[in-house]
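To start, the structure itself, in structure tokens.
The values are calculated or read from the model by the stated rules, or taken from the named source; none is laboratory data. Since this is a predicted model, take the numbers as computed values, not measurements. Quick reminder, even Gly has a Cβ in these numbers, built from the backbone with ideal geometry, and neighbours come from all protein chains shown. Remember, those area values only see protein heavy atoms, side chains included, never the ligands or the DNA or RNA. Shrake-Rupley method; radii C 1.70, N 1.55, O 1.52, S 1.80 Å.
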Amino acid sequence: MKFENKSVVVTGASSGMGRQIALDFAKEGATVIAVARRKERLEELVKESESLSGKILSYVGDVSLEEVNEGMIEYAVKECGKLDILVNNAGVMDEFTPVGDMSNDLWRKIMSVNLDGPVYAMRKAVQVMNGQESGGNIVNVASIGGVNGCRAGAAYTASKHALVGISKNTAYMYTGKIRCNVICPGGVETEVMQSQTNINQFGMGRIMAGLDRSIPQGKVEDISSAVLYVASDEAKFMTGSVVVIDGGVSCN
């Protein structure tokens, strides 16, 4: 088991990629702190993990809040005595809204979840990992919107570019002690797209312009397997890397 006796925190774990990531770590022997707002979803996840080699513990909270991010790290240390891996997976989309139509409330909502939350979590995690002989490992889930930057809403794009930037900085600052890498998925079959109920039609039109309508959609397992590889000892020389997983969309 690749992650036996490892302590892992995964945000956005109640559905989609985060849920799969939490389960896959537990299958490989890890103790996983699964973080999300929806208590009932986390309870279902914990129950599903009971037959696995590792285990999943739930931590209910809104990751846009500093106290929740600090609390989940402290909980992991309390339960496991250490923190080996932090996966910042939680994220929200912005209805593909361009900057000219973007409200202050939308900007603050997207940045608070997609950037502020990971920054709070990374800051606390680094303080813990830096004091551990074994160091630690951070994996941030961004997006191809944080790489090519054109085909997404303005706030979402800005948040993911910033997440890539702070990940690279963290990898450089703590080289030799803490690894930090970024996973950038393309389209993935999750609930997040279903939550987009007020799509900006101008923004969507610009995003789709010139694109093949048969854009490939990945599975949550595709992203989870990449996260686990990057977090594993097999990737011990890998830090500051941006791993794009989009079925070749960004090659167009």
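Among the residues making up region 125-177, those that are open to solvent by 40 Å² or more (accessible area, probe 1.4 Å), closer than 21 Å to Val9 by Cα and of a type in the set (D, E, K, R) are Glu133, Lys168, Lys177. Would you say Glu79 is surrounded by fewer than 19 Cβ atoms within 10 Å (Cβ to Cβ) and not β-branched (Val, Ile, Thr)? Taking the combined requirement at face value, the residue satisfies it. Here region 222-252 is the region considered, the condition is being modelled with pLDDT of 95 or more and either among the hydroxyl-bearing types (Ser, Thr, Tyr) or part of a strand (DSSP E or B) (or both), and the residue that is most open to solvent (accessible area, probe 1.4 Å) is Tyr229. Of all residues in region 57-76, those satisfying the criterion of being aliphatic (A, V, I, L, M) and closer than 16 Å to Asn89 by Cα are Val60, Val63, Leu65, Val68, Met72, Ile73.
Take the conditions of a type in the set (A, V, I, L, M, F, W, C), buried (at least 21 other Cβ atoms within 10 Å of the Cβ) and within 26 Å of Gly186 (Cβ to Cβ) and apply them to Ala30. Does it pass? So Ala30 does not fit the description; no. Do we find that Ser7 is of a type in the set (Ser, Thr, Tyr) and crowded, with 20+ Cβ neighbours inside 10 Å in this structure? Yes. The single residue among Lys124, Lys160 that is under 24 Å from Ala231 (Cα atoms), out of contact with any Ser or Thr (no Cβ under 8 Å at 6 or more places or on another chain) and charged (D, E, K, R) turns out to be Lys124. How do the pairs read when you match residues in region 117-144 that are under 16 Å from Met173 (Cβ atoms) and at pLDDT 95 or above with residues anywhere that are of a type in the set (Asp, Glu) and assigned to a helix (DSSP H, G or I), using Cβ under 6 Å and keeping only pairs 6 or more apart or on different chains? The qualifying pairs are Lys124/Glu70.
Taking region 139-164 as the range and being in a helix (DSSP H, G or I) and over 10 Å from Leu115 (Cβ atoms) as the test, the residues that pass are Ile144, Gly145, Gly146, Ala154, Tyr156, Thr157, Val164.
Of the residues in region 101-116, how many are open to solvent by 20 Å² or more (accessible area, probe 1.4 Å) and either touching a Leu at 6+ places or on another chain (Cβ under 7 Å) or modelled with pLDDT under 95 (or both)? The qualifying residues number 3.
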